[in-house]
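Reading through the structure tokens given below for one structure.
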């Protein structure tokens, strides 16, 4: 089904990540509440954003190593 770890859908996790990387986590969860009609905690937004960032960093490192 393409689900990511956690209880939220990939779309919601993507939204949390995008918003969490652009604004304070508190504001990001408010936006998610308005757009997705879903209550998400600030800590969840932080964890989701950090986890996505770590995954992106790992992919970047792999690509750099491959190119070297």
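The values are calculated or read from the model by the stated rules, or taken from the named source; none is laboratory data. Everything numeric in this text was worked out from a predicted model, so none of it was measured. Cβ atoms come from the backbone with ideal geometry, glycine included; neighbour counts cover every protein chain shown.
What residue, among those in the range 41-68 that are touching a helix residue (DSSP H, G or I) at 6+ places or on another chain (Cβ under 8 Å) and surrounded by 15 or more Cβ atoms within 10 Å (Cβ to Cβ), is farthest from residue 17 (Cα to Cα)?
Filtering the range 41-68 for residues that are touching a helix residue (DSSP H, G or I) at 6+ places or on another chain (Cβ under 8 Å) and surrounded by 15 or more Cβ atoms within 10 Å (Cβ to Cβ), the one farthest from residue 17 (Cα to Cα) comes out as 42.
If you go through the range 27-59 one residue at a time, how many are over 18 Å from residue 8 (Cα atoms) and modelled with pLDDT of 95 or more?
1
Take the range 31-40 and flag every residue that is in a helix (DSSP H, G or I) and surrounded by fewer than 16 Cβ atoms within 10 Å (Cβ to Cβ).
First, pick out the residues of the range 31-40 that are in a helix (DSSP H, G or I): 31-36.
Selection gives 33, 34, 35, 36.
List every residue pair whose Cβ atoms lie under 6 Å apart, where the two residues are 6 or more positions apart in sequence or sit on different chains, the first residue falls within the range 7-26 and is touching a residue at least 12 places away in the same chain (Cβ under 8 Å), and the second residue, located anywhere, is exposed (fewer than 15 other Cβ atoms within 10 Å of the Cβ) and not in a loop (DSSP other than H, G, I, E, B).
none
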